[in-house]
Amino acid sequence: MTARGVKVSGVDKAFDEVPVLTGIDLDVAPGQSVALLGPSGCGKTTLLRIIAGLERPDLGTVAIGDTVMTGPGSWVPPERRNVGMVFQDWALFPHLSVGRNVGYGLPRAERGGPRVTEALDMVGLAGLEDRMPDTLSGGQQQRVALARAIAPRPSVLLLDEPFSNLDTSLRVEVRAEVHRLLVELGITSVFVTHDQEEAFVLGDQVAVMNGGRIEQVGSPYTIYREPVSPWIASFVGDVNLVPAIASGSTAVISVGEIPLDSAADGPGMVLIRPEDLEVGATGPHEVTFVEFYGHDMMLTVAVDGTELQVRTAASRNVVRGEHVSVMHRGAPARFFADAAS
Ligand code: ATP
């Protein structure tokens, strides 16, 4: 499998004159995995379908490797794009055996051959060629769908919410397996999810979409620690967005002065992740809510009329009603001036 990159430039798409995608630019390097993350209806699936060639944009181009697949005067049909697809419902043929499902996208002469065995081997289902899909577990069926997509050795794999049909524990397990496989194969992949954790775990890069636009593209670290808007900050994790007055490299909030990651002045909001706060054993602030997770716990603490979320290592038991102090202990915080938020 030779990985090729994907480049989407200036893509617009409307359905019945309602814009669904606007000015989409996306660059996926060969071998990289990119998550399209966003709320329901933001256009993720439409973008994936445009890359696959299942949908035509109104404007813009899609190139895979050096070939323009979609663009003014260019159109390569989906079956000639060398792209594999895994759908949310896996779309296995119920009347075909596992082996025949996996062989489906291969040239006729290769359907019973080593490519099928090899693909099943890769997904950990060696020897199950003759089973029918309905005799397999959900996780196994998902892997058959993946084997079918990788059997033709595509240069790009597109996955649309591939784990959403699995229950939580299986989802985590299958996701880890698929992640390892994608890394091992070095295959370029673009996948759609509305689950922030899934995007962070699987994506080398995450493109956060909202209302038909890509609002930010970056590594999971960048998206989480350096979001470009309060909306992204809240969409990708728990966050305290606290009114503050910035003054140079610090801002003053109810729990004191905290360092900022870039200089600012005036009123706005400071983004503080719960793990950037810590509680001290005694203090004036009441703990109003406790969620105990084992590896850590999330406390809600009332500080001067504002409820702050604090994630703390569960090394000491903290109970509701207890009074604590709160301090900032994390990396310098992000500040959004009022006009920008
Ligand atoms: P979800 O997470 O719910 O699947 P999504 O982000 O993948 O959402 P899309 O499926 O791309 O979003 O849909 C974006 C918008 O385009 C939605 O408002 C949807 O109703 C609309 N849409 C999608 N396909 C069509 C179509 N073929 N005809 C008309 N409208 C469509």
Karplus 3J(HN,Hα) series, Hz, for the range 310-316 with 6.51 cos²θ - 1.76 cosθ + 1.60 (x for Gly, Pro)
10, 9, 10, 4, 7, 7, 9
The answer for the chain, counting only DSSP H helices whose Cα atoms cover 20 angstrom or more along the axis and whose Kyte-Doolittle average is -0.5 or greater, is 168-185
1/(1 + (r/R0)^6) with r = Cβ-Cβ of Ala91 and Ala126, R0 = 22 Å, i.e. FRET efficiency to nearest 0.05, evaluates to 0.45
Could you look at the range 217-338 and say what percent of its accessible area is carbon and sulfur, using a 1.4 Å probe and all protein chains?
54
Taking the chain as a Gaussian network, where each spring joins two C-alpha atoms under 10 Å apart, which residue of Ser315, Ser325, Ser97 fluctuates the most?
Ser315
Around Met298: net Lys/Arg minus Asp/Glu count, Cβ-Cβ under 10 Å
-3
Looking at the chain as a GNM with Cα springs under 10 Å, which of Pro107, Pro39, Pro227 has the largest mean-square fluctuation?
Pro107
Taking only C-alpha positions in the chain, Rg and Dmax in angstrom work out to 23.8, 76
Test of understanding: express the Cα radius of gyration of the range 103-153 as a ratio to 2.2 N^0.38 Å, with N the residue count.
1.03
Taking the Cα centre as origin and putting +1 on Lys and Arg beta-carbons and -1 on Asp and Glu beta-carbons, what dipole magnitude results for the range 256-322, to the nearest 20 debye?
260
Under 20 Å from a label point 7 Å along Cα→Cβ of Thr2: give me every residue in the range 106-126 with its amide N that close.
107
Sequence of Ile245, Ile150 when ordered by accessible area, the most exposed leading, probe 1.4 angstrom:
Ile245, Ile150
Convex hull over the alpha-carbon atoms of the range 30-120: what's its volume per residue in Å³?
150
Take every DSSP beta bridge with both residues inside the chain and express the antiparallel ones as a percent of the total, to the nearest 5.
75
Need one number: convex hull volume per residue for the range 48-96, Cα atoms only, in Å³.
93
For Pro274, the net charge from surrounding residues (Cβ-Cβ under 14 Å; K, R +1; D, E -1) works out to -3
Classify the range 169-248 as rounded, prolate or oblate, taking a ≥ b ≥ c as the square roots of the eigenvalues of its Cα gyration tensor: rounded when a/c is under 1.5, otherwise prolate if a/b is larger than b/c and oblate if not.
prolate
For the range 127-263, compute the orientation-averaged projected area of the C-alpha convex hull (one quarter of its surface), in nm².
11.5
Just name one of Gly212, Met269, Thr222: the one whose Cα is farthest towards the positive end of the charge dipole of the range 195-341 (beta-carbon charges, Lys/Arg +1, Asp/Glu -1).
Met269
Per-residue counts of other Cβ atoms within 10 Å, averaged by peptide: what ranking do you get for 122-129, 19-26, 189-196, highest first?
189-196, 19-26, 122-129
Which of Ala14, Ala52, Ala251 ends up with the largest GNM mean-square fluctuation for the chain, with Cα atoms connected below 10 Å?
Ala14
Length gain on complete extension for the stretch Ala302 to Val228, per 0.36 nm per residue less the alpha carbon to alpha carbon distance?
23.9 nm
Debye, to nearest 20: dipole size of the chain, +1 on Lys, Arg Cβ, -1 on Asp, Glu Cβ:
1200
Residues of the range 1-60: accessible area per residue at 1.4 Å, in Å²?
44
Answer in debye to the nearest 20: the dipole magnitude of the range 166-260 about its Cα centre, from +1 Lys/Arg and -1 Asp/Glu charges placed on Cβ, is 220
Using +1 at the Cβ of each Lys and Arg and -1 at the Cβ of each Asp and Glu in the range 75-155, identify which of Leu92, Leu125, Leu136 lies farthest towards the dipole's positive end.
Leu92
Using the scaling law 2.2 N^0.38 Å as the reference, what is the normalised Cα Rg of the range 141-195?
1.08
Which whole-number value in Å³ per residue fits the convex hull of the alpha carbons of the range 292-341?
122
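The values are calculated or read from the model by the stated rules, or taken from the named source; none is laboratory data. Since this is a predicted model, take the numbers as computed values, not measurements. We place every Cβ from the backbone using ideal geometry, glycine too, and count neighbours over all the protein chains shown. Areas reflect the complete protein model, heavy atoms only, side chains present, ligands, DNA and RNA absent. Shrake-Rupley method; radii C 1.70, N 1.55, O 1.52, S 1.80 Å.
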